[in-house]
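The values are calculated or read from the model by the stated rules, or taken from the named source; none is laboratory data. Nothing here was measured: the structure is a model prediction, and the numbers come from that model. Cβ: placed from backbone, ideal geometry, glycine included. Neighbour counts: every protein chain shown.
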Ligand SMILES: Cc1cc2nc3c(=O)[nH]c(=O)nc-3n(C[C@@H](O)[C@H](O)[C@H](O)COP(=O)(O)OP(=O)(O)OC[C@H]3O[C@@H](n4cnc5c(N)ncnc54)[C@H](O)[C@@H]3O)c2cc1C
Ligand code: FES
Ligand code: FES
């Protein structure tokens with residue numbers, strides 16, 4: 001089936017099998033491998049992207065279901081000139097990542113949270129990121145990073 | 001972990017969806033939020049020949065007031081439900097469903113149709129004696145939550161039927177208490193207490209194949225018995241099975257404790 005969607009502001013067309021997940025379409029058909037696949041059944045959160053502004057597990061949505069929508073992946077965070085997003089800066093500054101496998105999903109979930117709440121407390125950050133699993137960091141750096149980015153973005 | 005091949009139909013009306021299911025002759029499945037169905041497909045626990053996508057059928061995403069309560073269209077997402085103020089019990093229950101990215105896709109109709117005994121909405125539907133509106137190729141019908149749920153992931157829905165809406169009365173007073181190992185995980189025990197038209201109902205999730213209504217505990221509650229006695233009767237009514245997460249005895253003890261909590265106002269709970 002033919003699908004057409006906008007990813008990070010660029011229109012794409014692809015011919016996908018109905019069983020292809022959005023995650024596979026992004027990674028394999030569009031070459032946007034920033035979106036990671038861990039569990040492929042909704043548990044780890046590594047594949048989280050924004051679809052029409054809402055956080056979505058890209059492994060639990062079919063590419064054909066995304067027809068006509070606007071998608072933001074981790075590749076869409078940095079500016080056109082390569083300037084990192086405040087969240088990306090903060091993850092780097094506060095040791096929010098080690099191997100980096102969970103990082104795209106963490107960033108997209110955190111971005112969604114900061115779209116909805118300007119200054120979430122640590123407990124809220126933990127609650128919202130509870131759907132994203134990291135096996136490296138112990139989460140402390142991640143929570144620090146999201147908090148720092150929230151302050152940076154709120155005062156900007 | 002990839003689904004087996006299937007055909008895909010994007011339905012634009014309820015009639016089109018149920019006709020397609022009927023034509024698929026038992027080999028078709030509805031996809032709503034996909035938050036339960038896609039893992040099932042990826043694990044190849046189901047291999048339907050046809051998926052009927054109902055997400056673009058207009059008119060199924062509304063929350064409307066009906067006599068004494070609300071009507072949820074089948075496509076109302078959990079995130080919407082968590083954010084609304086018309087029905088506080090539903091808002092509270094929806095906040096316990098999975099994580100943000102799952103709540104933004106999962107639907108009320110999908111959760112009821114999937115009939116997971118540990119899922120929140122089926123327990124609320126049982127406590128509120130919800131009316132489920134169903135469409136099939138031959139017309140529409142309505143049923144109750146009690147009649148709908150027959151076992152774990154089993155309902156009286158026919159293969160060519162679709163849930164279109166769920167009516168839930170607004171309780172005068174209510175309590176919701178869930179025990180899960182981590183916020184967002186399925187509850188090991190979920191207890192919903194609701195007073196509708198002057199009578200209390202109790203429903204217990206996660207401790208049986210379907211949401212359970214402990215009759216004796218409800219009697220005691222309506223007779224004004226002490227909370228401890230009601231909670232003990234609720235625990236006596238369940239015969240949970242044990243698994244890797246919790247033993248049967250632990251689940252029964254948690255049923256008692258969380259029934260007590262569901263019946264204790266937050267303010268008293270905080271002081272205790
Ligand atoms: C990591 C994770 C954690 C979760 N945690 C919880 C939790 O804590 N609590 C909880 O309750 N749920 C939880 N869920 C599942 C929940 O989010 C799903 O939304 C819900 O169970 C199914 O709804 P859906 O709209 O996604 O349905 P789908 O996955 O699209 O469909 C599920 C089933 O229902 C059928 N169906 C769907 N809509 C209809 C309809 N209108 N009429 C007839 N049949 C229909 C489908 O054919 C399928 O068999 C979790 C899911 C994941 C992935
Ligand atoms: S890969 Fe999608 S949630 Fe794990
Ligand atoms: S940084 Fe390695 S999984 Fe999170």
Does the stretch A:15-30 contain any residue that is within 11 Å of chain B (Cβ to nearest Cβ), in contact with a strand residue (DSSP E or B) (Cβ under 7 Å, 6 or more places away or on another chain), farther than 22 Å from residue B:44 by Cα and surrounded by fewer than 16 Cβ atoms within 10 Å (Cβ to Cβ)?
no
For the stretch B:166-187, indicate whether the set of residues that are within 23 Å of residue B:57 (Cα to Cα) and out of contact with any helix residue (DSSP H, G or I) (no Cβ under 7 Å at 6 or more places or on another chain) is non-empty.
yes
So which of A:59, A:99, A:44 ends up being away from chain B (no Cβ under 14 Å) and either free of Cβ contacts under 8 Å to residues at least 60 places away in the same chain or under 30 Å from residue B:182 (Cα atoms) (or both)?
A:99
Right, residue A:45: within 16 Å of ligand 3 (Cβ to nearest atom), modelled with pLDDT of 95 or more and crowded, with 19+ Cβ neighbours inside 10 Å or not?
yes
Lone unmet requirement of (1) within 14 Å of another protein chain (Cβ to nearest Cβ); (2) within 16 Å of the chain's Cα centre (by Cα); (3) assigned to a strand (DSSP E or B) for residue B:75:
(3)
Does residue A:51 satisfy the condition of being within 15 Å of residue B:105 (Cβ to Cβ) and either away from chain B (no Cβ under 14 Å) or surrounded by 16 or more Cβ atoms within 10 Å (Cβ to Cβ) (or both)?
yes
Since residue A:155 meets every condition but one in (1) more than 14 Å from chain B (Cβ to nearest Cβ); (2) within 16 Å of ligand 2 (Cβ to nearest atom); (3) out of contact with any helix residue (DSSP H, G or I) (no Cβ under 7 Å at 6 or more places or on another chain), which condition does it not meet?
(2)
Can you tell me which residue within the stretch B:78-96, out of those that are more than 23 Å from residue B:56 (Cα to Cα) and not in a helix (DSSP H, G or I), is nearest to the other protein chains (Cβ to nearest Cβ)?
B:96
For the stretch A:96-146, what are the residues that are more than 10 Å from ligand 3 (Cβ to nearest atom), surrounded by fewer than 18 Cβ atoms within 10 Å (Cβ to Cβ) and more than 16 Å from residue B:102 (Cα to Cα)?
A:115, A:116, A:117, A:118, A:119, A:121, A:122, A:123, A:124, A:126, A:140
Return only the number of the condition from (1) more than 10 Å from chain B (Cβ to nearest Cβ); (2) under 12 Å from the mean Cα position of the chain (by Cα); (3) crowded, with 19+ Cβ neighbours inside 10 Å that residue A:75 does not satisfy.
(3)
In contact (Cβ under 8 Å) with a residue 60 or more places away in the chain and over 14 Å from residue B:262 (Cβ atoms): is that true of residue B:241 in this structure?
no
